[in-house]
Amino acid sequence: MKRSPPTPVEEMNHGTSLLWKRRAMAGLSATRCGLPKESVAENGASPRGKVLTIDTMNPAVKMVEYAVRGPIVQRAVELEKELSEGRKKPFQEVIKANIGDAHAMGQQPITFFRQVLALCSYPELLNDSTFPEDAKSRARRILQSCGGNSMGSYSASQGIDCVRQDVARYVQQRDGGVYCDPDNIYLTTGASDGIVTMLKLLVCGEGAARTGVMISIPQYPLYSAALAELGAVQINYYLNEEACWSLDISELQRALDEARGHCNPRALCIINPGNPTGQVQNRKCIEDVIRFATKERLFLMADEVYQDNVYADGCQFHSFKKVLFEMGPEYSNTVELASFHSTSKCYMGECGFRGGYMEIINMDDEVKAQLTKLVSVRLCPPVPGQALMDLVVNPPQPGEPSYDKFMKERTATLSALADKARLTEEVLNTVPGISCNPVQGAMYSFPRISIPEKAVKEAAGKGQQPDMFYCMRLLEEMGICLVPGSGFGQKDGTYHFRMTILPPADKLKILLSKVKEFHQRFTKQYS
């Protein structure tokens, strides 16, 4: 009798069963597994074991988790391979909405940026008349600041001097004339590099004196991963989902007071606009945070990589530095602040070039010297990423040949993201059992999902979080790759997933339709 093909759930369970069998076999000796015994050395001694094993490696590394590239994504890659090999699935393609990788999702690069980078990479093109003169002049200026006029040379550890000057001018203009010292600008390998570097400076002490760092929940997993690797204490403060993921000072105070019994809180991290929650903090909230940090003697870290991604009416991006200085010298002369930006998000989406910067405010001079020493150990950030950062902060100006095309592309990209933010919220809120706050900014929605108790128990039986179980089923049955909310943190008893709004509009509509279909079927099955 011909056996019917396995269902996606059976395939998933079969794969899980095989995985556990492999793990079990790995724990047995060769003899017990029915394999030949390892040979002994000629002198009769046992063969030398591994120096580095799972038991002897750095235990802090084993504590690191990064949900954005976790098991769901690994399985999505396997499914793509199986589809390419002709394996039958209940879907034709895997649609990934797990990560803010704009170009991988189909967003087109800005022409001017790629022209200048091409000229810098292959200077012979400077003689090509098809490239506009403003692109050529930018490329010449960058190359003249590189050793040997080559982007392949090392730069100064803090970054190319002319790029840091351009970043300082950009920040000063963005912040309404608040002075920016180029010496306080450090070019980085994406914003992540700057964030981890600052955390390295902050973390010290043992036991109850160990550094604690306050991070929002839900959070971007870079923070929890870095804190785990550094052995710091993670202090969770919860954003208010019922008020569009707003930040309450009373919640900051609660988290801080509870943490002081077992660690030394030293830093407060803010992501604005928010990842994964998509909220944009208003000015009053930022002022309140600055007052709180002043009162509690906390170092402020402002992750502002989505500063151009603001979509909702009535919302506006306010940089922490601008607000800090407008609050007067009582704050601007004392509060220690590091703010971060990147080439990876906004309208650029140039994740792979790993460009970014951080600006430091009110840092102790001796600590700043140590920071400069620390970044010098890694020689320099990628020079192409530095060049791209320069173009972001010094784009075509009115009257230059590339200005009109640049503005058209920039505006089109941001307008499309705004449309997709609204579409995502509208469609998800039509699904019974899913509620989605407005996507005010950034590139993600973080909707709450109701999961029936029967499904919660089945997930527990498999050793999975309920939303991991949900997202894995969604992937296996519909080919949709999202990230479970448990990878970002959430209040106990609530479940979410994070999805990016980056896929092209036609694919985003398919994705949302499949999520709707799956959630209704899943709920019916387990009710």
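The values are calculated or read from the model by the stated rules, or taken from the named source; none is laboratory data. Worth saying up front: this structure is predicted, and the values here are computed from it rather than measured. A quick note on method: Cβ atoms are made from the backbone with ideal geometry, for glycine too, and the neighbour counts reach across all protein chains shown. Heads up: the accessible areas ignore ligands, DNA and RNA and are worked out on the full protein's heavy atoms, side chains in. Shrake-Rupley method; radii C 1.70, N 1.55, O 1.52, S 1.80 Å.
Details
- With Rh defined as the Kirkwood radius, the inverse of the mean 1/r over Cα pairs, the Rg/Rh of the range 95-137 is 1.19.
- The range 134-197-the range 445-511 distance, computed between alpha-carbon centres (Å): 40
- Once semi-axes √(5λ) of the Cα gyration tensor in Å is calculated for the structure shown, the corresponding label among [x] 44, 25, 18; [y] 50, 37, 23; [z] 39, 29, 28 turns out to be [z].
- Within the range 243-386, DSSP assigns beta bridges of which about 40% are antiparallel (rounded to the nearest 5).
- The alpha-carbon of K136 sits under 22 angstrom from the alpha-carbons of these lysines, leaving out residues fewer than 8 places away in its chain: K405, K408.
- In this structure, the pairs whose alpha-carbon distance is over 26 Å, taken from K454/K491; K200/K345; K345/K516; K462/K509, are K345/K516; K462/K509.
- Pair N58, E133: separation of 7 Å Cα→Cβ label points (nm): 5.2
- In Å², nearest 10: area of M363 left accessible to a 1.4 Å probe: 30
- Relative contact order, whole percent, for the range 400-511 stands at 24, derived from Cα pairs under 8 Å and 6 or more residues apart.
- Sparsely packed trypsin sites (Lys or Arg not before Pro) within the range 291-332, loop by DSSP, other Cβ within 10 Å at most 11: R297
- Within-12-Å neighbourhood charge of F497 [Cβ basis; K, R +1; D, E -1]: +2
- Antiparallel bridge percentage (DSSP; both residues within the chain; nearest 5): 50
- Among beta bridges identified by DSSP and lying wholly in the range 176-307, the antiparallel ones come to about 5 percent.
- Per-selection Rg to Rh, the range 372-450 - Cα, Kirkwood hydrodynamic radius: 1.21
- Rounded to the nearest 10 degrees, the angle from helix 133-144 to the longest Cα principal axis of the chain is 90 degrees.
- Residue-level accessible surface for S246, protein heavy atoms, 1.4 Å, Å²: 30
- Summing +1 for each Lys or Arg and -1 for each Asp or Glu among the other residues whose beta-carbon sits under 12 angstrom from that of L511 gives +3.
- Whole-percent carbon and sulfur share, accessible surface of the chain, 1.4 Å: 52
- Inter-site label distance for L83 and E366 at 7 Å from Cα along Cβ, in nm: 5.8
- Sites V377 and Q525, calculated FRET efficiency, Cβ-Cβ separation with R0 56 Å, nearest 0.05: 0.55
- Protein heavy-atom accessible surface, 1.4 Å probe, per residue over the chain: 47 Å².
- Residue-level accessible surface for R140, protein heavy atoms, 1.4 Å, Å²: 90
- Folded to 0 to 90 degrees: helix 190-202 orientation relative to the chain principal axis, Cα: 90
- Environment charge of R254, counting only residues whose C-beta is closer than 14 Å and scoring Lys/Arg +1, Asp/Glu -1: -3
- Within the range 163-225, chymotrypsin sites (Phe, Trp or Tyr not before Pro) in DSSP loop having at most 13 other beta-carbon neighbours inside 10 Å: Y179
- Helical runs assigned H by DSSP (4 residues or longer) give the chain a calculated mean residue ellipticity at 222 nm of -13500 deg cm²/dmol, each run adding -39500 (n - 2.57) before division by the residue total.
- Tensor-based shape of the range 226-272 (alpha-carbon gyration tensor, a/c under 1.5 rounded, otherwise prolate or oblate): oblate
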